[in-house]
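All remarks here apply to the structure that follows.
No value in this document is a laboratory result; all are computed from the given coordinates. Owing to the predicted nature of the structure, the values given are computational and were not obtained by experimental measurement. Cβ sites come from the backbone with ideal geometry, for glycine too, and all protein chains shown count toward neighbours.
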Amino acid sequence: MNVEIKRSGNRLTAFLSGEIDHHSAVSIRTAIDKELDMGNATALILDFGAVNFMDSSGLGMIFGRYKKMNSSGGTLKLQNVPKPIERILRMAGVYTIIGISGGGKNEKLS
């Protein structure tokens with residue numbers, strides 16, 4: 001699996017790794033949603049530090065987790081996004097609705 005999830009209080013951090021494509025996005029989504037469905041999570045952080053490739057399936061996974069968190073009053077942030085993936089996220093408009101953490105960047109980007 002391409003995700004390791006750690007819980008700290010009401011915050012979940014999902015450490016993603018490898019390639020996020022059609023096949024892995026499904027297992028990542030399932031693992032994260034299983035943890036979210038246990039309740040009490042008001043913040044979800046997706047850590048991309050070990051991700052080396054992502055296609056549109058990764059975008060769908062991100063937007064789906066955003067929708068899930070937003071509908072329950074929670075927040076979603078991204079952190080440690082590698083430059084090539086950051087470029088994809090910017091072109092898709094992800095940073096206009098989802099914040100980023102780390103590296104001195106803590107707010108939504110336009």
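Under a Cβ-Cβ cut-off of 9 Å, what is the net charge of the residues other than M54 that fall near it, where Lys and Arg count +1 and Asp and Glu count -1?
On the way: positive: none; negative: E19, D21, D55.
That sum, taken over residues with Cβ under 9 Å, equals -3.
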Among G73, M61, L36, whose Cα lies farthest out toward the positive end of the dipole of the stretch 18-78, if unit charges sit on the beta carbon of Lys, Arg (+1) and Asp, Glu (-1)? G73
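Evaluate E = 1/(1 + (r/R0)^6) for T42 and R90, where r is the Cβ-Cβ distance and R0 equals 30 Å; express this FRET efficiency to the nearest 0.05.
On the way: r = 26 Å, r/R0 = 0.88.
Taking R0 as 30 Å, the efficiency between T42 and R90 is 0.70.
Using 0.36 nm per residue of separation minus the Cα-Cα distance, give me the extension gain between K6 and H22 in nm, one decimal.
On the way: separation 16, 0.36 × 16 = 5.76 nm, distance 2.35 nm.
Gain on extension, K6 to H22, equals 3.4 nm.
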Using +1 on the beta carbon of Lys and Arg, -1 on that of Asp and Glu, and nothing else charged, what's the dipole of the chain about the Cα centre, debye to 20? 320 debye
Here the convex hull volume per residue of the stretch 1-53, taken over Cα atoms and given in Å³, is 62 Å³
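To check you understand DSSP bridge types, tell me what percent of the beta bridges within the chain (both residues inside) are antiparallel, rounded to 5.
Bridges in the chain that DSSP calls antiparallel: roughly 25 percent.
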In percent, how large is the relative contact order of the chain, given Cα pairs closer than 8 Å and 6 or more residues apart? 23 percent
Hey, of (i) 6.1; (ii) 6.6; (iii) 7.5, which did the structure itself give for mean projected area of the Cα convex hull in nm² when calculated? (i)
